[in-house]
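Everything on this sheet refers to the single structure shown next.
The values are calculated or read from the model by the stated rules, or taken from the named source; none is laboratory data. Everything quoted here is computed from the prediction, not taken from an experiment. Note that each Cβ is placed from the backbone with ideal geometry, even for glycine, and that neighbours are counted across all protein chains shown.
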Amino acid sequence: MLIFITHMNMINLLGIFFSAFVVAAIVVPVAIETAYKRRLFDVPTESRKVHKRIIPNLGGIAIFAGFMFTQQLFIRASMIPCINQILMCGTLLFMLGLKDDIVGLTPFKKFIAQFAAASIVAIIGDIRIIDLNGIMGLYQLSYPFSISLSVFAIVGIVNSFNLIDGVDGLAGCLGVVMTFMFAFLFYKAGETGWCYLALASAGSIIGFLLYNMPAARIFMGDSGSLLIGFLVVTMSIHFVNIAGKGTPVLGSIRVVSPHALVLALLIIPLFDTLRVFTIRILANTSPFKADRNHLHHRLLAVGMSHLQVTITLCLITVGFVALTLYLQKVGDNQLIATIMMIVFSLNTGFTLYLASVPRDPEAVLSAADTVSPPSAKGKRKGSPKQRNRLPREDFADEVIKKIYRN
């Protein structure tokens with residue numbers, strides 16, 4: 001009987017993952033076709049852009065479709081009492097990002113909508129940080145402080161995902177690492193509904209990544225990055241709360257430092273956001289002014305490709321998670337301090353390396369998103385094969401000509 005139940009649970013888990021994956025993978029080509037017909041592109045007109053061709057940025061629609069279809073099919077309200085608030089606020093952020101992808105929004109308007117969504121999910125959904133487990137001497141938080149800290153954390157993490165989405169596949173792959181890890185943690189903790197939610201997120205992101213890995217045919221846009229960031233932060237808050245009530249056991253490992261584990265999972269987008277905001281403020285510029293000073297820009301500047309940058313940052317995340325799991329008995333305070341010390345040391349070392357190696361950042365960043373020109377042999381005028389091999393700076397002209405011909 002126990003074996004039968006285990007098999008049924010595994011079938012449900014696989015069904016959730018693959019249903020989200022299939023729906024997202026089906027929707028992406030439709031989104032690409034629609035973007036070309038309606039001329040809805042991410043045009044590289046800003047200096048911070050590392051791609052040199054126009055690319056559809058409606059990939060968030062596929063992630064949203066795969067996630068919503070799957071959770072409506074498999075997740076009952078009894079599994080996650082606050083599911084309505086999560087879906088409502090996730091939809092709000094998705095629509096906000098979609099409007100920004102299509103017509104653009106000011107940072108102030110986006111911040112107001114993010115603040116509203118964070119407040120709703122923290123106050124009405126009661127997804128809030130309740131206990132800091134001794135971090136800075138704080139344990140159980142008062143309700144006003146708990147709400148304030150939770151809203152700040154939600155808005156900050158959502159924006160950090162938006163900022164890290166700078167090279168092909170990066171935000172999506174980081175999202176997959178995080179959601180798979182949360183699915184495993186929730187499964188071991190007996191949180192079936194939240195495990196389903198994490199798997200639905202992972203499946204929809206992977207369905208999108210089929211078309212977003214280098215060289216990307218579509219971007220997730222703000223609609224995708226805001227949605228993923230919101231889902232990840234709600235899982236993060238819920239996990240630290242359940243870990244505070246009862247210690248999850250992962251084989252021989254007891255999770256007694258959940259805040260440090262969550263920080264390890266989120267370290268790349270969080271540190272990147274903290275770093276660029278600090279640099280901009282010290283330079284007397286707006287922290288929301290876009291530039292080419294993110295972690296992925298710095299890795300591109302040393303000659304890495306988009307794929308190499310994505311793999312590097314994902315492996316760093318996995319390494320921090322493994323280290324945090326191994327050192328769980330150390331405690332949140334010491335583990336968080338250790339993680340931050342390692343991150344700052346790595347950043348300082350890399351900065352010194354960049355300063356010692358003279359390079360032309362503009363040339364390297366441009367080369368990261370170019371392809372070889374077509375060879376003379378076997379060239380057919382106007383053929384799809386030839387157009388695919390054109391330098392990407394000419395790709396925009398080719399697409400516009402095709403649109404006008406149709």
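Is at least one residue of segment 309-324 buried (at least 19 other Cβ atoms within 10 Å of the Cβ) and part of a loop (DSSP other than H, G, I, E, B)?
Within segment 309-324 (the criterion being buried (at least 19 other Cβ atoms within 10 Å of the Cβ) and part of a loop (DSSP other than H, G, I, E, B)), the answer is no, since none of the residues qualifies.
In segment 58-79, how many are without any contact (Cβ under 8 Å) to a residue 40 or more places away in the chain, hydrophobic (A, V, I, L, M, F, W, C) and either in a helix (DSSP H, G or I) or touching a Cys at 6+ places or on another chain (Cβ under 7 Å) (or both)?
Of the residues in segment 58-79, 1 are without any contact (Cβ under 8 Å) to a residue 40 or more places away in the chain, hydrophobic (A, V, I, L, M, F, W, C) and either in a helix (DSSP H, G or I) or touching a Cys at 6+ places or on another chain (Cβ under 7 Å) (or both).
Can you pull out the residues in segment 325-358 that are among the β-branched types (V, I, T) and assigned to a helix (DSSP H, G or I)? Quick ask: steps written out before the conclusion?
Residues of segment 325-358 among the β-branched types (V, I, T): 330, 336, 338-339, 342-343, 348, 351, 357.
Selection gives V330, I336, T338, I339, I342, V343, T348, T351.
Is there any pair linking a residue in segment 17-30 that is touching a residue at least 40 places away in the same chain (Cβ under 8 Å) to one that is surrounded by fewer than 19 Cβ atoms within 10 Å (Cβ to Cβ), with Cβ under 8 Å and at least six apart or on different chains, and which?
From residues that are touching a residue at least 40 places away in the same chain (Cβ under 8 Å), the pairs are S19/F69; S19/L73; A20/F69; V23/F69; A25/L210; V28/L210.
Do any helices (runs of 4 or more DSSP H) lying entirely in segment 80-192 carry at least 3 residues that are in the same structural domain as F277 (by TED's automatic domain parsing) and touching a Cys at 6+ places or on another chain (Cβ under 8 Å), and which ones are they?
Here the list reads 107-123, 170-188.
Answer with yes or no whether A363 is over 25 Å from H259 (Cα atoms), at pLDDT below 55 and exposed (fewer than 12 other Cβ atoms within 10 Å of the Cβ).
Judged against the criteria, A363 is a match.
Quick check on my filter: what residues within segment 93-150 are over 29 Å from S257 (Cα atoms) and not aliphatic (A, V, I, L, M)? Spell out the reasoning first.
To start, the set of residues in segment 93-150 that are over 29 Å from S257 (Cα atoms) comprises 93-113, 116.
Result: F94, G97, K99, D100, D101, G104, T106, P107, F108, K109, K110, F111.
Conditions tested, residue by residue: (1) among the polar types (S, T, N, Q); (2) over 30 Å from G251 (Cα atoms); (3) modelled with pLDDT of 90 or more; (4) not assigned by TED's automatic domain parsing to the domain that holds N133.
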| position | (1), (2), (3), (4) |
| --- | --- |
| Q308 | yes, yes, yes, no |
| T324 | yes, no, yes, no |
| D332 | no, no, yes, no |
| F350 | no, yes, yes, no |
